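See structure below.
The values are calculated or read from the model by the stated rules, or taken from the named source; none is laboratory data. Nothing here was measured: the structure is a model prediction, and the numbers come from that model. Cβ placement follows ideal geometry from the backbone for every residue including glycine, while neighbour counts extend to all protein chains displayed.
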Amino acid sequence: MAFARVMVQAYAQQGKSPAEALKLAQITPSRLQQPDARMTALQMELLSGAAMQELDDEGLGMFGRKLPWGSYGMLARASISSTSLRLALKRWCRHHALLTDDIRVTLVETGPIASIAIEERVDLHTRGPSAREFCMVYVLRNIHGLACWYIDSRIPLLAAHFPYPAPAHADAYRFMFPGPLSFDAPRAQIRFDARYLDLPLRRDEKALNQMLKRALPITVLQYRRDRLLVQQVRQALAASPEQTHSAEGLARLLHLSARTLHRQLKEEGASLQELKDQVRSERAKDLLYRSSKAVKQVAAATGFRNEKSFIRAFRHWTGVSPAEFRRDAG
């Protein structure tokens, strides 16, 4: 509810009443002032949408000048023709600088990790700690939600950093930025797998026009589908076999629930058992070809409890026994 109070403050700055917006979102004045009160994603969408239109300011008072209604839609429209998510995000960041000088948003790639960072160009503390916090959360959720929508894929966060102490409502951040969180960081930024940047945009102008009629859900709610999940599962199974024996262990590594993991893999036309078999098969064939390990040792190295079950599985995968494979490969 601290974010709702920031929006009410934006109304006060313009000498206007937030009564109709609060009524639309079904937030009572007493509820608004409760320190530990929360609002739903729908209430957030309704309140912020009404406030942006009534105040004609999509920045909701966060910046030194108003961002007229349609400003963030313009950013999305300017990036929709990009050939990849990388280009789209670079364009978005560059054009955001045309809206306000108060912050600079940048896309940075460091090896396999990509990050979107916010540099404060003015002292946002002067607008109050809650307004500064809301600015960081709002901008990062906006660009992250749009990026997911562009490629029609969830983009899991490897980390989210914020340059202020953990607020009283810090537990709510896990809904907005699922993944490892840190506060009192040098700057606000989100980090994710850079492979998503290579994915093509799956949206066109027609889809954009439809989305902009109700754009706020993509910045409030988390995207579900993950188009890189199959690759991430394979990588985790290969890199951390001791932590991925169970679906629960694997899901923890990927910051998902086991139920979500199974559901998303099904949406991608894969199953966890199939991926486990593929990774085990590749590992077993590599060990048989490149090493002199006994079959029993290869079985243990690929997660099998006994040699007999490994031989049976290997024959199912390849049509030959491990010994036959090694002989033919040699």
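Which condition number does residue 168 fail, the rest of (1) part of a helix (DSSP H, G or I); (2) in contact (Cβ under 8 Å) with a residue 40 or more places away in the chain; (3) over 25 Å from residue 77 (Cα atoms) being met?
That leaves (1) as the condition not met.
Based on what the data block shows, is residue 293 over 37 Å from the mean Cα position of the chain (by Cα), outside the structural domain of residue 249 (by TED's automatic domain parsing) and either closer than 27 Å to residue 232 by Cα or assigned to a loop (DSSP other than H, G, I, E, B) (or both)?
On the way: over 37 Å from the mean Cα position of the chain (by Cα): yes; outside the structural domain of residue 249 (by TED's automatic domain parsing): yes; either closer than 27 Å to residue 232 by Cα or assigned to a loop (DSSP other than H, G, I, E, B) (or both): yes.
When the stated conditions are applied, residue 293 passes them.
Out of everything in the stretch 198-221 that is closer than 17 Å to residue 51 by Cβ and in contact with a Gly (Cβ under 6 Å, 6 or more places away or on another chain), what residue ends up being surrounded by the fewest Cβ atoms within 10 Å (Cβ to Cβ)?
Ranking the candidates gives 216 first.
Going by the conditions given, is residue 305 without any contact (Cβ under 8 Å) to a residue 40 or more places away in the chain and in a helix (DSSP H, G or I)?
no
Write out, first by first residue and then by second, each pair whose Cβ atoms fall under 7 Å of each other, whose residues are 6+ apart or on separate chains, and whose first residue, in the stretch 202-221, is assigned by TED's automatic domain parsing to the domain that holds residue 140 while the second is in a loop (DSSP other than H, G, I, E, B) and modelled with pLDDT of 75 or more.
Once the first residue is assigned by TED's automatic domain parsing to the domain that holds residue 140 and sits in the stretch 202-221, its partners that are in a loop (DSSP other than H, G, I, E, B) and modelled with pLDDT of 75 or more give 202/152; 203/80; 205/80; 208/80.
Residue 30 fails exactly one of the following numbered conditions: (1) crowded, with 21+ Cβ neighbours inside 10 Å; (2) of a type in the set (Gly, Ala, Ser); (3) modelled with pLDDT under 95. What is the number of that condition?
Result: residue 30 passes all but (1).
Test residue 85 against the stated conditions and say whether it is within 16 Å of residue 196 (Cα to Cα) and surrounded by 21 or more Cβ atoms within 10 Å (Cβ to Cβ).
Criteria met by residue 85.
Of these, 110, 106, which one is closer than 26 Å to residue 161 by Cβ, touching a strand residue (DSSP E or B) at 6+ places or on another chain (Cβ under 8 Å) and of a type in the set (Ser, Thr, Tyr)?
Result of the check over 110, 106: 106.
Which of the residues spanning the stretch 297-308 are surrounded by 15 or more Cβ atoms within 10 Å (Cβ to Cβ) and either of a type in the set (D, E, K, R) or over 39 Å from the mean Cα position of the chain (by Cα) (or both)?
Listed by number, the list holds a single entry, 307.
Write out, first by first residue and then by second, each pair whose Cβ atoms fall under 7 Å of each other, whose residues are 6+ apart or on separate chains, and whose first residue, in the stretch 285-302, is within 12 Å of residue 329 (Cα to Cα) while the second is surrounded by 13 or more Cβ atoms within 10 Å (Cβ to Cβ).
The qualifying pairs are 285/325; 287/293; 287/298; 287/301; 288/298; 288/322; 288/325; 288/326.
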